[in-house]
Amino acid sequence: MKDKTKPLDESKITGFFDDGTEFNGELKFKGSFRVEGSFRGTIESESQLIIGEKANVDADVKVAHVLINGNFRGTIKASDKVEIHSHGRVNGTIQTPRLIVEEGAFLQANCQTTDAPAEAAGPDLQKILEP
């Protein structure tokens with residue numbers, strides 16, 4: 001019998017940390033991932049990360065697209081865009097080609113908008129952004 005795999009639908013949630021979940025470590029995923037609990041560590045994907053209203057995330061994040069509705073502290077390098085919704089709270093550093101901040105959101109960050117994905121930035125810019 002042949003193993004038939006369906007193509008991955010990037011718009012569907014493929015992973016989820018619910019409210020009350022605490023996770024420390026490294027997270028890598030394909031598809032969209034939603035965090036409603038507490039996460040501390042690193043997150044890496046070529047897809048979408050959703051930080052829910054109940055989430056507390058303290059991380060170094062390298063993704064294509066991130067939507068923030070909860071609390072985030074750390075560094076974001078997004079190759080597509082970062083969206084901070086009205087309930088979102090962000091402290092840290094953001095590097096992205098597109099940044100969207102809704103009215104009511106809290107943003108205390110160093111922001112760098114670029115024409116190219118974070119990893120394609122020149123070595124001088126990368127030295128400035130690296131801790």
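The values are calculated or read from the model by the stated rules, or taken from the named source; none is laboratory data. Everything numeric in this text was worked out from a predicted model, so none of it was measured. Here Cβ is always computed from backbone atoms with ideal geometry, including for glycine, and neighbour counts include all displayed protein chains.
Structural remarks
- Checking each residue in the stretch 19-40 for being under 12 Å from the mean Cα position of the chain (by Cα) and within 26 Å of Thr114 (Cα to Cα) picks out Leu27, Lys28, Phe29, Ser32, Phe33, Arg34.
- When the test is whether a residue is surrounded by fewer than 19 Cβ atoms within 10 Å (Cβ to Cβ), at negative phi and of a type outside the set (Phe, Trp, Tyr), Thr21 passes it.
- Within the stretch 38-53, the only residue that satisfies the criterion of being assigned to a loop (DSSP other than H, G, I, E, B), modelled with pLDDT of 95 or more and either under 14 Å from Phe23 (Cα atoms) or of a type outside the set (Gly, Ala, Ser) (or both) is Glu53.
- Residue list for the stretch 41-71, restricted to those being within 20 Å of His87 (Cα to Cα) and not hydrophobic (A, V, I, L, M, F, W, C): Gln48, Gly52, Glu53, Lys54, Asn56, Asp58, His65, Asn69, Gly70, Asn71
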